1. Where the centre of each part is set by its Cα atoms, how far does the range 82-106 sit from the range 45-76, in angstrom?
2. Could you compute the net charge surrounding Arg206? Neighbours are other residues with a C-beta less than 14 Å from the C-beta of Arg206; K and R count +1, D and E count -1.
3. Which ³J(HN,Hα) values in Hz, rounded to whole numbers, follow from the phi angles of the range 215-225 under the Karplus curve 6.51 cos²θ - 1.76 cosθ + 1.60, where θ = phi - 60° and Gly and Pro get x?
4. Quick check for me: using +1 on Lys/Arg Cβ and -1 on Asp/Glu Cβ, what's the dipole size of the range 79-191 about its Cα centre, in debye to the nearest 20?
5. From the C-alpha gyration tensor of the range 122-231, pull out the three semi-axes of the equivalent ellipsoid (sqrt of 5λ each), sorted largest to smallest, in whole Å.
6. What list do you get for Ile83, Ile205 if you sort them by fewest beta carbons within 10 Å?
7. Rounded to the nearest 0.05, what FRET efficiency do Lys159 and Asp112 give with R0 = 41 Å and r taken as the Cβ-Cβ distance? Could you check?
8. Which value in nm describes the separation of the simple spin-label points at Met258 and Gln128, placed 7 Å from the Cα toward the beta carbon?
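The numbers here are math on the coordinates, done by the rules we state, and not lab data. Given the structure is predicted, the values throughout are model-derived calculations rather than measurements. So basically every Cβ, Gly included, is an ideal-geometry build from the backbone, and we count neighbours across all protein chains shown.
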Amino acid sequence: MLNFFKNKNGDLSATKIGTTTLAGLFTAASLWSGIYINEARQVSLEVRFGDVVDTVTESGLKTKVPFLTSRYAYSLARQTTEIGQGTALRTSDDVRLTNPFTIEYEIDKNADLKNLYFQLKGSGEDLQDVIQKLARDVGVRVFEGLQVTDLAEEGITDKIKTEMKTKLQADLQAKGWPVTIVDVLSDGFQLSPESEDVLERIIDIRQEKARLELREENAIKAQETLEAEAEAYVKYADVLRAAGLPDEDIRCAIHDKMAQDAGKIMTPFAQVCGTATGGFANDIAVAVDPANVTMPPVKGGAAPAPITP
């Protein structure tokens, strides 16, 4: 009988110890739930029964009413959110691709954070969810405005990032979200193997077209150069003829000038023409003033050097 009471008393003692322990844990939990750290450039809203009862902007260790008060923190520092490959994108001509990108954003410094809290509460999302959703929608719209041929353009990745930043900022502003898009970062789009083949064929076609256009342009320039040179040699012949030189000597002089212009060593007149007059070089030197004999400019290029006898 005594042992029974001892055991009973012993059980009662254990119960008291357990109750005391639980009470201590509850007290510690209560104290802990009422303490938080407000980081630098962070604003904490303390909310009780759906109302914002305090706004904390100073950094450091802070306290609030345990259990009854909830804390919602908003960082004013630059933040990032990633939009992965799960977003399905396609061009207007139905070329499918992915384009992972990162959004850098900041909450506006003068934003009404109480209003932001109620905006987010009404949407049932946090701010990062909102930005990701809008960014995906913007990405879809940007690529729907492109064709596969646009993807071969130089600088297309930068163009896509700029357009995404502009459109995303406009959407946020239109919906009243106090957020500034700092930058849109991307390593570029990724095509499916089939789309890669299509794009490669397009690039090859464009390169061949560019080569043909360059060849045609060079041919036109060469034709213009030849015409300008021919005109200059005709004028040179007219000057020599006006100086009284016979036609055969003029023919030899033109041959000489063309060889000199081409950078070749001139064959003596007697070997080329066979009937060059004696003192031919002296006749040209005395009769023609080189300063008065010039070649007109060639279209699309620099003016050639003056013709000299």
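1. Computed from Cα coordinates, the inter-centre distance equals 37 Å.
2. Within the 14 Å Cβ shell, the charges total -4.
3. Values, residue by residue: 4, 5, 4, 5, 5, 5, 5, 5, 5, 5, 5 Hz.
4. 380 debye
5. 47, 18, 9
6. Lowest to highest Cβ neighbour count: Ile205, Ile83.
7. 0.75
8. Those two pseudo-labels are separated by 7.9 nm.
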